[in-house]
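K.L.:
Handing you a structure now.
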Amino acid sequence: MRILLVADHPGDARVVENALVSEGHTVTTCNDRHGGPCRGIADLDECPLESAVDVAVIARSVNDRRGIGEMGAVCAARHRVGVVEIDPAEPGSRSIYDLTDEADQQIFQEYVNAVTEMLQPVLGDDPFEVSVTRRERDVQVWVKLGFSCSPIVVSSVADRARAGVRHYDRFAQVIDVSVVQPASC
């Protein structure tokens, strides 16, 4: 996995980075070469979030306070990248894959909520289900209708679903919406 590591204390970052690298992960940070908290200030293309990042990891001891060195986690959350915390005292206490899956499920649920909220005014009490997956910055939405409808309604559903994703995630590069309805008799 490609992991964005953020930490307010360099020692915490080193411990967690060593554990992640030893497991075969690629670790990147937000820090510029002068120790500043953001490489993207001088050149936006240098921001790790301008490319694919699977998860952002905050390396922080349990009793430590949040600090400016953790600002990359805010940017990651805005880009809808899962954010998890790892205690440097126990960097391997939970699988990074489990942590990432939990964070991703929360993000997917927020996509579903945003799309559902956009569809509710059009579909009202008509039955429908929404599911969402994502690969890097490409979002795939499936809207399964529990009824048959006209092509105009299908188009409206697709447009509103796309708007729901865009409202929740302004950084999505591709939004692919599939509207499925029961086969007609």
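Read the figures in this text as sums done on the coordinates, not as results from a lab. What you see is a predicted model, and the numbers here were worked out from it, not measured in a lab. Don't worry about glycine lacking a Cβ; one is built from the backbone with ideal geometry, like all the others, and counts go over all protein chains shown.
K.L.:
Run through the DSSP bridge list for the chain and note the antiparallel percent, rounded to the nearest 5.
P.N.:
Antiparallel: roughly 30 percent of the beta bridges in the chain.
K.L.:
Assigning unit charges at the beta carbon (Lys, Arg +1; Asp, Glu -1) and nothing else, what dipole magnitude in debye, to the nearest 20, does the chain show about its Cα centre?
P.N.:
380
K.L.:
Enumerate the amide H contacts of Asp32 below 5 Å, restricted to partners 5 or more residues apart or on another chain; note that Pro and chain-start residues carry no placed amide H.
P.N.:
Cys38, Arg39
K.L.:
Let me ask another. Expressed as cubic angstrom per residue, what is the convex hull volume of the alpha carbon set of the stretch 2-94?
P.N.:
Residue-normalised Cα hull volume stands at 92 Å³.
K.L.:
Over what distance in Å are the Cα centres of the stretch 1-37 and the stretch 73-141 separated?
P.N.:
23
K.L.:
Still on this structure: Dipole of the stretch 105-180 (Lys/Arg Cβ +1, Asp/Glu Cβ -1, origin at the Cα centre): which of Gln109, Thr133, Val180 lies farthest to the positive side?
P.N.:
Most positive-ward Cα: Thr133.
K.L.:
Among Ala158, Ala19, Cys30, which residue has its Cα positioned farthest towards the positive end of the charge dipole of the chain, with +1 placed on the Cβ of Lys and Arg, -1 on the Cβ of Asp and Glu, and the dipole taken about the Cα centre?
P.N.:
Ala158
K.L.:
While we're looking at this one, here's another question. Remind me, what semi-axes does the stretch 35-185 give for its equivalent ellipsoid, largest first in whole Å, using sqrt of 5 times each Cα gyration tensor eigenvalue?
P.N.:
Gyration-tensor ellipsoid for the stretch 35-185: 37, 17, 12 Å.
K.L.:
Given Cα pairs under 8 Å that are at least 6 residues apart, what percent is the relative contact order of the stretch 136-185?
P.N.:
Computed value for the stretch 136-185: 62 percent relative contact order.
K.L.:
In addition: Kindly state, as a whole number, the per residue volume in cubic angstrom of the convex hull around the alpha carbon atoms of the stretch 105-180.
P.N.:
77
K.L.:
Shifting gears a bit: Using helices alone, what [θ] at 222 nm do you get for the chain, with -39,500 (n - 2.57) per DSSP H run of 4 or more residues, divided over all residues and rounded to the nearest 500?
P.N.:
Calculated from helices alone, the mean residue ellipticity at 222 nm is -12000 deg cm²/dmol.
K.L.:
Additional query: Suppose a student asked you for the relative contact order of the stretch 40-93, using Cα pairs under 8 Å spaced at least 6 residues apart; what percent would you report?
P.N.:
Worked out over the stretch 40-93, it gives 42 percent.
K.L.:
Once you keep just the Cα pairs under 8 angstrom separated by 6 or more residues, what percentage relative contact order results for the stretch 1-140?
P.N.:
Dividing the mean separation by the residue count of the stretch 1-140 yields 24 percent.
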